[in-house]
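Visitor: I have a structure I would like to understand better, so I am pasting it below and will then ask my questions one at a time.
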Number of protein chains: 2
Amino acid sequence: MKDAKKERITISEILISDDFTGILDGIEDFSHILVLYWSHFASKGDRSIIKGHPMGRKDLPEVGIFATCSPVRPNPICVSAVPLLERKGNVVKVKGLDAIDGSPVIDIKPYVPSYYAVNEAKVSNWVRQIEREFAEALKGKEWHH
Amino acid sequence: MKDAKKERITISEILISDDFTGILDGIEDFSHILVLYWSHFASKGDRSIIKGHPMGRKDLPEVGIFATCSPVRPNPICVSAVPLLERKGNVVKVKGLDAIDGSPVIDIKPYVPSYYAVNEAKVSNWVRQIEREFAEALKGKEWHH
């Protein structure tokens, strides 16, 4: 639901406060993690928005905020499943996190496929449309290289 | 990482406040949703726990809380990917949510496999052990029926 190109290349470092030293121990045994972060640019007013067009695109149907992945929502918490590249002390390096630099990370969980991976899940038509567009955009990019 | 049997049969209703009427519009086009809820039984002291044995089992290695799915964590937010059975107005009915009755739901998101489903993710040895035990327990149950 984001910029497919940017998402693939971004490397992010998540820094854990010294108060929590040790809280990452064992995370390196997982290839992927779930990162929960606070979309700190959502203002108080933004948080009362009920409906909107996905990604602000007027050509897509207006839906309730809980039917979108918008970072602007009553509790502006974003969830990303990302590959864990490295863990060194209180720092984890991940790939493809779409957080804005400086977003407070509020939780990290190990990614367990039996719990989080639902392949057969059906999505709305507008999500399918966005996914087709992303696939096309990536195909276009490959032609350039 | 929970009671495999209970998890499969629980049907939960999530009630959205009247202040947010309309926020679920369009969610019915998705077969699954991500539910974020607050583990409200975690005390303030619990939230400063750094390490622990997964599921309180001393036979499993002690690891950092961020390497576990424990509901007791600095920000006690749990994330579940569950089938959406029905949506009627401000109520959604889901299957297999492992929340304790009364847990405040803080966010609902549509489940998009291209974003959340990572099948090739590798997990720790202790997760594999728990999964083997669950599989055995379910097999045992099938014999009884």
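No value in this document is a laboratory result; all are computed from the given coordinates. Bear in mind that the values here come from a model prediction, so they are computed numbers and not experimental data. So basically every Cβ, Gly included, is an ideal-geometry build from the backbone, and we count neighbours across all protein chains shown.
Visitor: Using +1 on the beta carbon of Lys and Arg, -1 on that of Asp and Glu, and nothing else charged, what's the dipole of the range A:90-145 about the Cα centre, debye to 20? Mind dumping the intermediate values first?
Guide: Working: 8 positive and 8 negative charges, 25 e Å.
Charge dipole of the range A:90-145: 120 debye, to the nearest 20.
Visitor: From the phi angles alone, apply the Karplus equation (6.51, -1.76, 1.60; θ = phi - 60°) to the range A:58-71 and give each ³J(HN,Hα) in whole Hz, x where the residue is Gly or Pro.
Guide: Once rounded to whole Hz, the list reads 5, 7, 9, x, 6, 9, x, 4, 6, 9, 10, 9, 3, x.
Visitor: Ok, one more. What residues qualify as long-range amide H neighbours of B:ASP25, i.e. H under 5 Å apart, gap of 5 or more or another chain, H built at 1.01 Å from N?
Guide: Close amide H contacts, sequence-distant or interchain: A:GLY64.
Visitor: Take the alpha carbon gyration tensor of the protein assembly as shown, find the square roots of its eigenvalues, order them as a ≥ b ≥ c, and report rounded if a/c is under 1.5; if not, report prolate when a/b exceeds b/c, else oblate.
Guide: On the way: a/c = 1.41, a/b = 1.20, b/c = 1.18.
Cα axes put the protein assembly as shown in the rounded bin.
Visitor: Shifting gears a bit: Per the Cauchy relation, a quarter of the hull surface: what is the mean projected area of the convex hull of the alpha carbons in chain A, in nm²? Mind dumping the intermediate values first?
Guide: Numbers: hull surface 42.7 nm².
That works out to 10.7 nm², a quarter of the Cα hull's surface.
Visitor: Only Lys, Arg, Asp and Glu count, each charged at its Cβ (+1, +1, -1, -1), so figure out the dipole size of the range A:1-131 about its Cα centre, rounded to 20 debye. Intermediate results must be reported in sequence, preceding the final value.
Guide: Details: 17 positive and 17 negative charges, 120 e Å.
The dipole magnitude comes to about 580 debye.
Visitor: If each DSSP helix of 4+ residues adds -39,500 (n - 2.57) and the sum is divided by the residues in the protein assembly as shown, what number results at 222 nm, nearest 500 deg cm²/dmol? Can you show the working numbers first?
Guide: Working: 6 runs with 60 residues, N = 290.
Result for the protein assembly as shown, helices only: -6000 deg cm²/dmol.
Visitor: With a ≥ b ≥ c taken as the square roots of the eigenvalues of the C-alpha gyration tensor of the range B:82-145, please select rounded if a/c is under 1.5 and otherwise prolate if a/b is larger than b/c or oblate if it is not? If you can, show how the numbers build up before the last one.
Guide: Details: a/c = 2.18, a/b = 1.43, b/c = 1.52.
Cα axes put the range B:82-145 in the oblate bin.
Visitor: What is the packing order of peptides B:49-57, B:14-22, taking the mean over residues of other C-beta atoms within 10 Å and listing the highest first? Mind showing how you got there, number by number?
Guide: Values: B:49-57: 15.2, B:14-22: 13.7.
Highest-to-lowest ranking by the protection proxy: B:49-57, B:14-22.
Visitor: A further question on this structure: Give, rounded to the nearest 20 debye, the magnitude of the charge dipole that the protein assembly as shown has about its Cα centre when Lys and Arg contribute +1 at Cβ and Asp and Glu contribute -1 at Cβ. Walk me through the numbers on the way to the answer.
Guide: On the way: 40 positive and 40 negative charges, 39 e Å.
Dipole size: approximately 180 debye.
Visitor: OK, next. Among A:TYR37, A:ILE23, A:CYS69, whose Cα projects farthest towards the positive end of the dipole of chain A, with charges put on the beta-carbon of Lys, Arg (+1) and Asp, Glu (-1)?
Guide: A:CYS69
Visitor: Also: For the protein assembly as shown, build the charge dipole from Cβ charges (+1 Lys, Arg; -1 Asp, Glu) around the Cα centre, then report which of A:PRO54, A:ILE14, B:GLY102 sits farthest towards its positive end.
Guide: In the protein assembly as shown, that residue is A:PRO54.
Visitor: Moving to a separate point now. Would you mind checking the tilt of helix B:125-144 against the longest principal axis of the Cα atoms of chain B, expressed as 0 to 90 degrees and rounded to 10?
Guide: In chain B, helix B:125-144 runs at an angle near 70 degrees to the longest axis.
Visitor: Local charge sum around B:LEU85 (other residues, Cβ-Cβ under 13 Å, Lys/Arg +1, Asp/Glu -1)?
Guide: +1
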